[in-house]
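Derivation of every value follows stated rules applied to the coordinates shown; laboratory data play no part. What you are looking at is a predicted structure, and each value in this text was computed from that prediction instead of being measured. Using ideal geometry, Cβ is built from the backbone for each residue, glycine included, and neighbour counts are taken over all protein chains shown.
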Amino acid sequence: MSVKITGLNKLLSELETKLGKQAMQRISDIALIDAANEFVKVLKIGFEAAGDKGYAEGHTVDEITVTGPFWDTRGVRTMKVHWVGPHERYRIIHLNEWGGINNPNPPRKGVIARAMKNSEKAYRDAVRKALKGGL
């Protein structure tokens, strides 16, 4: 089943003409920040449920960092969730997510994908809340 939504670009352009470009960017930034924070919360729960507390003292959870909002190379306003810290967990996150040759099915396999799937509703709610608050 698929749904085609039409008129969204027209709605956004009308809102931009009524509110102004900076107001629309402020509203979208609020929505992005709220959605990213909700995603990080779901991600931390996923890693903790997968047993990360006993693994490397939970450094994977501790090093989750949110950067943004910023303009990406395609001209889209975005947020970045990544791993930054002294334990350099960014080096092995892809192994946790996809597995590797020596351990093709780690206990944390798919945690990031599940967190993204589980936070879709929270993202839509954050956008709706930001639009209502901005109008």
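Below is a table of values for the structure above.
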| item | result |
| --- | --- |
| Table column - 3J(HN,Hα) (Hz), region 74-88, Karplus curve with 6.51, -1.76, 1.60, x for Gly and Pro | 8, x, 10, 6, 8, 10, 10, 9, 8, 10, 9, x, x, 8, 6 |
| Intensity falloff of the chain expressed as log10 I(q)/I(0), Debye formula with alpha-carbon point scatterers, at q = 0.13, 0.15, 0.17 Å⁻¹ | -0.68, -0.84, -0.98 |
| Three semi-axes of the equivalent ellipsoid, region 61-135, Cα gyration tensor, whole Å, largest first | 29, 16, 11 |
| Estimated [θ] at 222 nm from DSSP helical runs (n ≥ 4, -39500 (n - 2.57)) normalised by residues in the chain, nearest 500 | -17000 deg cm²/dmol |
| Cα-projected label distance for residue 117 with residue 18, points at 7 Å along beta-carbon direction, nm | 3.7 nm |
| Kirkwood Rh (inverse of mean 1/r, distinct Cα pairs), region 55-98, angstrom | 11.7 Å |
| Mean separation of Cα contacts under 8 Å (6+ apart) over length of the chain, as relative contact order % | 30 percent |
| Estimated dipole of the chain in Debye, rounded to 20 [Cβ of Lys and Arg +1, of Asp and Glu -1, Cα centre] | 560 debye |
| In degrees, nearest ten, helix 8-19 long axis to first principal axis of the chain (Cα) | 70 degrees |
| Residues whose placed amide H lies under 5 Å from that of residue 83, excluding near-sequence neighbours | 65 |
| Whichever lysines have a C-alpha closer than 17 Å to that of residue 129, once near sequence neighbours (fewer than 8 apart) are set aside | 121 |
| Highest-first arrangement of 102-113, 72-83, where packing means the average Cβ count within 10 Å | 102-113, 72-83 |
| Charge sum, other residues only, whose C-beta stays under 12 Å from residue 84's C-beta, Lys/Arg counted +1 and Asp/Glu -1 | 0 |
| Mean Cβ neighbour count within 10 Å, used as a protection proxy, ranking 10-20, 58-68 highest first | 58-68, 10-20 |
